[in-house]
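The values are calculated or read from the model by the stated rules, or taken from the named source; none is laboratory data. Given the structure is predicted, the values throughout are model-derived calculations rather than measurements. Glycine gets a Cβ as well: all are built from the backbone with ideal geometry, and neighbour counts include every protein chain shown.
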Amino acid sequence: MTPEEVKLLMTHLNKRYYLIAALMYGSGLRVMEAVQLRVKDIDFYYKCIQEWNGKGNKHRIVTLATELIAMLRNQILHVDDYLKLDLNNPEYAGVWMPYALTKKYPLASKSLAWQYLFASHILSTDPQSGEIRRHHFHHSCIRKEIKKAVQKSGLTKIITPHTLRHSFATHLLQSGADIRTVQAQLGHSDVKTTQIYTHVLQQGANCVVSPLSKIF
């Protein structure tokens, strides 16, 4: 997508899902990385995001657009409201956490820092333990909302949540970012994977002038 197409898509997104989509495009996150973010992962001081759920459970640090800070602070307030309600529920077992961390930090599951940034508006039953928890948005919801926004916007391209991540990489390279920087932002183990985006750029109109242009 072009930057203009991204902007058009975003204007037609349901407000409930706008911030998730903005993070996928603005920080190059995969859809599962975005929905699994926790409050503690947002670093307002350094304007970055700690990403712990990448492919292969690799950790990386990605950029955070200044324009999203106010929305993120507001989102955290919503999460805090949910948490206050949940803590008054005697059946609430806390947010899901990896087993090793549960043992190391037994109180963390009921702290604001560990709550999912995009917490579900309903409680659910953990299928493994049977405990009551508040999970994160389901990734399928994001796919459905982006599909709706594409239809409303009149865009004719095939656009999925991953398209936002692709656009992040392409637009960074177009703006002159070093390929190693883009590789680190995307979390690619091999720079050859990132180089796919440079090949896409080389196939575009920036490198090939149509002969039609010479007769107009």
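Contact map, the range 1-19: residues that are under 12 Å from residue 164 (Cβ atoms) paired with residues that are of a type in the set (Phe, Trp, Tyr) and surrounded by fewer than 13 Cβ atoms within 10 Å (Cβ to Cβ), Cβ distance under 7 Å, separation 6+ or inter-chain. No pairs are found. Applying the set (1) surrounded by 19 or more Cβ atoms within 10 Å (Cβ to Cβ); (2) over 12 Å from the mean Cα position of the chain (by Cα); (3) of a type in the set (Ser, Thr, Tyr) to residue 25 leaves exactly one unmet item: (2). Of the residues in the range 102-113, none is of a type in the set (Gly, Ala, Ser), part of a loop (DSSP other than H, G, I, E, B), in contact with a His (Cβ under 7 Å, 6 or more places away or on another chain) and surrounded by 11 or more Cβ atoms within 10 Å (Cβ to Cβ). Candidates 49, 69: the one that is among the β-branched types (Val, Ile, Thr), free of Cβ contacts under 8 Å to residues at least 40 places away in the same chain and out of contact with any Lys or Arg (no Cβ under 8 Å at 6 or more places or on another chain) is 49.
Would you call residue 181 outside any helix (DSSP H, G or I) and among the hydroxyl-bearing types (Ser, Thr, Tyr)? Answer is no for this residue. Here residue 33 fits the description: of a type in the set (Asp, Glu), without any contact (Cβ under 8 Å) to a residue 40 or more places away in the chain and outside any loop (DSSP other than H, G, I, E, B). Once the range 125-178 is narrowed to residues that are surrounded by fewer than 17 Cβ atoms within 10 Å (Cβ to Cβ) and hydroxyl-bearing (Ser, Thr, Tyr), the residue that is nearest to residue 17 (Cα to Cα) is 140. Of all residues in the range 54-70, one or more are assigned to a helix (DSSP H, G or I) and surrounded by 15 or more Cβ atoms within 10 Å (Cβ to Cβ). Residue 189 meets the conditions (1) part of a helix (DSSP H, G or I); (2) within 27 Å of residue 47 (Cβ to Cβ); (3) more than 19 Å from the chain's Cα centre (by Cα); (4) not hydrophobic (A, V, I, L, M, F, W, C) in every case but one. The failed one is (1).
Looking only at the range 48-89, residues that are more than 16 Å from the chain's Cα centre (by Cα) and over 15 Å from residue 118 (Cβ atoms) come to 8 in all.
From the list 35, 62, 39, the one residue that fits, being touching a strand residue (DSSP E or B) at 6+ places or on another chain (Cβ under 7 Å), at pLDDT 95 or above and among the hydrophobic types (A, V, I, L, M, F, W, C), is 35. Residue under question is residue 2, and the condition is that it be more than 14 Å from the chain's Cα centre (by Cα), farther than 25 Å from residue 124 by Cα, loosely packed, with under 13 Cβ neighbours inside 10 Å and at pLDDT 95 or above; does it hold? When the stated conditions are applied, residue 2 does not pass them. The residues of the range 136-175 that are part of a loop (DSSP other than H, G, I, E, B) and within 27 Å of residue 59 (Cβ to Cβ), listed by number, are 137, 138, 160, 175.
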